[in-house]
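Working notes for the structure below.
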Amino acid sequence: MTAGQATPKRNVRTRRIAFSYPPGTLDRHYVQGDLVMSHIVAVLSALFPEGEDFFIRSVRRYSDRITDPELKSQVAGFIGQEVTHGREHRALNDRLRQMGYPTRMVDRFTHYLLADHGITSGRFRLAVTAALEHYTATIAECLLTKPEAQELLGETEVRSVLLWHALEESEHKAVAFEVYRAIGGTERQRIAVMRLVNALFIPIVLILTTISLAGDRSAYNPVRLVRSLARLRHSPFLTREMVAHVRAYNRPGFHPDDFDATALLERWKAELFGKDGRLTDHLK
Ligand SMILES: [Fe+2]
Ligand SMILES: [Fe+2]
């Protein structure tokens, strides 16, 4: 869609939901006992609340310039969903911190990194938001599509919170992108910003994961560490297909809906929130 065209209909609604992690329900390495994956998921979870606050600020800045009622309503849904994600991930991060993960350090770092230091424009920050939303949608749709990715997460409440988050990331994946276009964001800047995000995002996650592992005594067991790293090489999240999905964003004319997730979303909405959905009892 270009500026001035009507926004396609999308169902982006805020669910009132809560998750809980009573003491004793999560092992130290809560991702199926896997050392490295437990630290990676903890780092990602710790990045979310400040990241999502940044997304909300970036989009909200332009909300009064959106005139299309469909896009306006999607923006409201997007903000409501991201506020809830931030709140629920803070609750998980508190639990992870009690278990020994440095989630507060990651949170403070992200807060500083994404603060408005007065050197970037609103449109630049919106382009960063659209780029990072492409990352979250790529990871989310991998999780929702691949049974082996779901299996990796075991059967804990962490799996539940991540499945719900993934569903909503896929539901609202085009919203920041559409706002960027609606305010006249250019393809050139969109792609240049994604190149910058590509150069920073993976190294930042790697460095934070290394710091997180350094604080875990189990990581000093070389056999355990090497086995866990070896498993990572076969991870469903680290495939050529995933790299291609991320890279697709750099094509001029790209739109998040190029990856049609309609059927995937219908299936997961029924599975999680249908009549006998796995998470229906989590709704408030
Ligand atoms: Fe989110
Ligand atoms: Fe999002």
Q.
Under 10 Å, Cα contacts only: if you run a Gaussian network model on the chain, which one of H117, H134, H234 comes out with the highest mean-square fluctuation?
A. H117
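Tell me which DSSP H helices of the chain clear both cut-offs, 27 Å or more of axial length from alpha-carbon atoms and a mean Kyte-Doolittle hydropathy of at least -0.5.
Working: long enough: 35-60 (38 Å, 0.92); 69-98 (44 Å, -1.00); 122-145 (34 Å, 0.60); 187-214 (40 Å, 1.30).
What comes out of the filter, once short or polar helices are dropped, is 35-60, 122-145, 187-214.
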Q) Of the residues E88, E178, E241, which exhibits the maximal mean-square fluctuation in a Gaussian network model of the chain defined by a 10 Å Cα contact cut-off? A) E241
Q: Within segment 254-274, find all residues whose amide N lies under 13 Å from a label point positioned 7 Å from the Cα of K146 along Cα-to-beta-carbon.
A: none
Q) Using only the Cα atoms, what convex hull volume per residue in Å³ does segment 75-115 have? A) 56
Q: Pick out, in residue order, every one of the trypsin sites (Lys or Arg not before Pro) in segment 172-241 that is DSSP loop and has at most 13 other C-beta atoms within 10 Å; say none if there are none.
A: R233
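Just how many % of Cα pairs in segment 189-284 lie over 20 Å apart, if you round to the nearest whole percent? Let's see the in-between values first.
Values: 2907 of 4560 pairs.
Value for segment 189-284 (Cα pairs over 20 Å): 64 percent.
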Q: Report the accessible area of M105, computed with a 1.4 Å probe over the heavy atoms of all protein chains in place, in Å² rounded to the nearest 10.
A: 70
Q: Name the aspartates and glutamates eligible as straight-distance cross-link partners of K9: C-alpha to C-alpha under 13 Å, and not fewer than 8 places from it in the same chain.
A: D68, E70, E171, E178, D257
**Q.** Per residue, in Å², the accessible surface of the chain once ligands and nucleic acids are set aside, probe 1.4 Å
**A.** 49
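Could you check how much of the accessible area of the chain is carbon and sulfur, as a whole percent, using a 1.4 Å probe?
On the way: 8020 of 13860 Å².
C and S atoms contribute 58 percent here.
How would you classify segment 128-215 from its alpha-carbon gyration tensor, with a ≥ b ≥ c the square roots of the eigenvalues: rounded for a/c under 1.5, else prolate if a/b is greater than b/c, otherwise oblate? Spell out each step's value before the answer.
Working: a/c = 2.86, a/b = 1.40, b/c = 2.05.
Since a/c reaches 1.5 but b/c is at least a/b, the shape of segment 128-215 is classed as oblate.
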Q) Per the Kirkwood treatment, what hydrodynamic radius in Å, one decimal, follows for the chain from the mean inverse distance over all distinct Cα pairs? A) 19.6
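What is the Rg over Rh value, at two decimals, for segment 1-51, using alpha-carbon atoms and the Kirkwood definition of Rh?
On the way: Rg = 18.3 Å, Rh = 15.0 Å.
A ratio of 1.23.
The values are calculated or read from the model by the stated rules, or taken from the named source; none is laboratory data. What you see is a predicted model; the values in this text were computed from it and never measured. Note: ideal-geometry Cβ built from the backbone for every residue, glycine included; neighbour counts use all protein chains shown. Side chains are part of the model used for accessible areas, which takes the heavy atoms of the whole protein and leaves out ligands, DNA and RNA. Shrake-Rupley method; radii C 1.70, N 1.55, O 1.52, S 1.80 Å.
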